[in-house]
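What follows is a set of notes on a single structure, which appears directly below.
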Amino acid sequence: MLNITNVSKSYDKKKNAIDKINLEILPGDIYGFIGHNGAGKTTLLKSIAGILNFDEGDITIFGKSIIKDNLDAKRLIAYIPDNPDVYESLTGIQYLDFVSDAFDVSLEQRRLLINKYAEMFEMSEVLNNQISSYSHGMKQKIG
């Protein structure tokens, strides 16, 4: 569950990019943010992901505050930007092993998850290829 409570962010201390946003997203819900350039969509998403600090309010992910329990909250979500930064000199499986090591995922668990998601995202056949050979969409999938 994602709870956004009275979240505000200003870049210039004059005008808020996001202003007292309140939102509850339950498991299984799907949301999209629509708005003009500068409406605060990316600011809010980066705040939720813990990439960007906000001025007021709080964001919790399954009860973990992105402010107070930053690492625990970040472990519960994923953020894939439009242009994911991945190590293109690695193969897909090398990159997934690298990320798994960073998040302390056991060998047994990572194999189960990699097999599950590689099949779901139709990537099983390309995991041994260098990421530099992937299309933009495939790079987003590996991210």
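The values are calculated or read from the model by the stated rules, or taken from the named source; none is laboratory data. Bear in mind the structure is a predicted one, so any value in this text is a computation, not a measurement. Every residue, glycine as well, gets a Cβ built from its backbone with ideal geometry; the counts of neighbours run over all protein chains shown. Side chains included, ligands, DNA and RNA excluded: accessible areas come from the protein's heavy atoms. Shrake-Rupley method; radii C 1.70, N 1.55, O 1.52, S 1.80 Å.
Summed over the residues of the chain and divided among them, the accessible surface reaches 68 Å² per residue at a probe radius of 1.4 Å. For the stretch 39-143, a crude dipole built from +1 on the beta carbon of Lys and Arg and -1 on the beta carbon of Asp and Glu, taken about the Cα centre, is about 140 debye to the nearest 20. Going through the cross-link list K41/K141; K14/K68; K14/K141, which pairs have a Cα-Cα distance over 30 Å in this structure? Check vs 30 Å cut-off fails for K14/K141. The fraction of accessible area contributed by carbon and sulfur in the stretch 1-133 is 52 percent, rounded to a whole number (1.4 Å probe; ligands and nucleic acids excluded). Remark: spin-label model distance M1-L113 equals 2.4 nm, labels positioned 7 Å along the Cα→Cβ axis. Farthest toward the positive end of the dipole of the chain, out of Y79, S100, F33, is the Cα of F33, where the dipole comes from beta carbon charges about the Cα centre.
So if we plug the beta-carbon distance of S8 and F103 into 1/(1 + (r/R0)^6) with R0 = 25 Å, what FRET efficiency do we get, rounded to 0.05? Calculated value: 0.20.
The long axis of helix 92-102 is offset from the longest Cα principal axis of the chain by roughly 50 degrees. Placing pseudo-labels 7 Å out from each Cα toward the beta carbon at D58 and N70 gives an inter-label distance of 1.7 nm. Once you order the gyration tensor axes a ≥ b ≥ c over the Cα atoms, which shape class does the stretch 1-77 get: rounded for a/c under 1.5, otherwise prolate or oblate by comparing a/b with b/c? Taking the square roots of the gyration eigenvalues as a ≥ b ≥ c, the stretch 1-77 is oblate.
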